[in-house]
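Below is one structure, written out as structure tokens, with a few remarks after it.
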Ligand SMILES: [Cu+2]
């Protein structure tokens, strides 16, 4: 047995919870040198042609963020060297209407629930300025799951009302990721379920690829942010109203503890992505749907369509799954699904816990125009008496 193997055997014993004897402690000390070398080696794996450029050598571009379900203008295939992509998120605490007559205090990035989608390419830097206007009533920050570093930048971005902070990080992982406010303790879930979250897409530099590695471009992309809300009710079963976010804090936490949401909606309100605000596509167009849920598991389904390619857990380093009927989004993550529409009509895009979709609000529409294909579906006989 080599020295390295002996060390490994002894490490396993150590981790099995054997009492730490003087001998074991000595072995642990011996282990530290090779372990350090190993970690240095794996860290260096990140080095590549793109990582050699540092932020001060790169072009700086500002990304104009837009309200969901839309994405900011972006190239699917990166051009040239990485860039420093600057974005500005302005916090806004505001009353929003979840359904007619039912208002709640939301905490938002740029005024929308969810916050805007940010799009960069792998190895770009994101330089994010978080602005907390004087008009806010409390401190906020941002934890970006796309970033690398303790607390996902949350520890570097605590901003009190009247303050702003800027953080820059290298986007080393390609995929779709959640970001959210995380000010500490019970404030974390409260801010998150008050709408203070969004998503970011880090595209591979060569763009997306299918299950066999062929390019997989999209004609358009939409961002659906799903949000669970926990609204307190009075003795008569009516939703309570509060003069400020903090006034509803204690009652809301009590409802949150039940883990039973009163509303589960897409883009901040029941029906927000239906009717004149429905997503649109033409037959033959390929659409990328990005779906985030910062707090709770969900399961998107496109009624009458499929997920041709689905990055269910969000990582673009993994091959997409193909032809899924429903896909799973773990709470605290985002997923991407690509579909080429084959038939016209109004498609419902839902959380396929159908109570959550139909009763609580997690449903949207895609209006698709084009020629109907009878070969794919045809009514042979309409409803008539048996
Ligand atoms: Cu916050």
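The values are calculated or read from the model by the stated rules, or taken from the named source; none is laboratory data. Owing to the predicted nature of the structure, the values given are computational and were not obtained by experimental measurement. Note that each Cβ is placed from the backbone with ideal geometry, even for glycine, and that neighbours are counted across all protein chains shown.
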Residue ID - nearest to the ligand (Cβ to nearest atom), chosen from residues in segment 189-210 that are part of a loop (DSSP other than H, G, I, E, B) and surrounded by 15 or more Cβ atoms within 10 Å (Cβ to Cβ): 196
Output for segment 156-169, where each listed residue is part of a loop (DSSP other than H, G, I, E, B) and either assigned by TED's automatic domain parsing to the domain that holds residue 254 or within 14 Å of the ligand (Cβ to nearest atom) (or both): 157, 158, 160, 161
Hits in segment 324-342 (condition: in contact (Cβ under 8 Å) with a residue 40 or more places away in the chain, touching a strand residue (DSSP E or B) at 6+ places or on another chain (Cβ under 7 Å), over 23 Å from residue 145 (Cα atoms) and not in a strand (DSSP E or B)): 341
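Of everything in segment 170-188 that's within 11 Å of the ligand (Cβ to nearest atom) and more than 14 Å from the chain's Cα centre (by Cα), which residue is surrounded by the fewest Cβ atoms within 10 Å (Cβ to Cβ)? Break it down stepwise before answering.
Here is the first cut: in segment 170-188, the residues within 11 Å of the ligand (Cβ to nearest atom) are 180-184, 187-188.
Subset that is more than 14 Å from the chain's Cα centre (by Cα): 182-184, 187-188.
On the way: 182: 25, 183: 21, 184: 12, 187: 19, 188: 18.
Within segment 170-188, the match that is surrounded by the fewest Cβ atoms within 10 Å (Cβ to Cβ) is 184.
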Qualifying residue in segment 111-123 (condition: away from the ligand (no atom under 16 Å from the Cβ) and in contact with a helix residue (DSSP H, G or I) (Cβ under 8 Å, 6 or more places away or on another chain)): no
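Restricting to segment 80-110, count the residues that are closer than 30 Å to residue 173 by Cβ and within 16 Å of the ligand (Cβ to nearest atom).
9
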Residue 81, sole failed condition from (1) surrounded by fewer than 19 Cβ atoms within 10 Å (Cβ to Cβ); (2) within 24 Å of residue 200 (Cα to Cα); (3) touching a strand residue (DSSP E or B) at 6+ places or on another chain (Cβ under 9 Å); (4) modelled with pLDDT of 65 or more: (3)
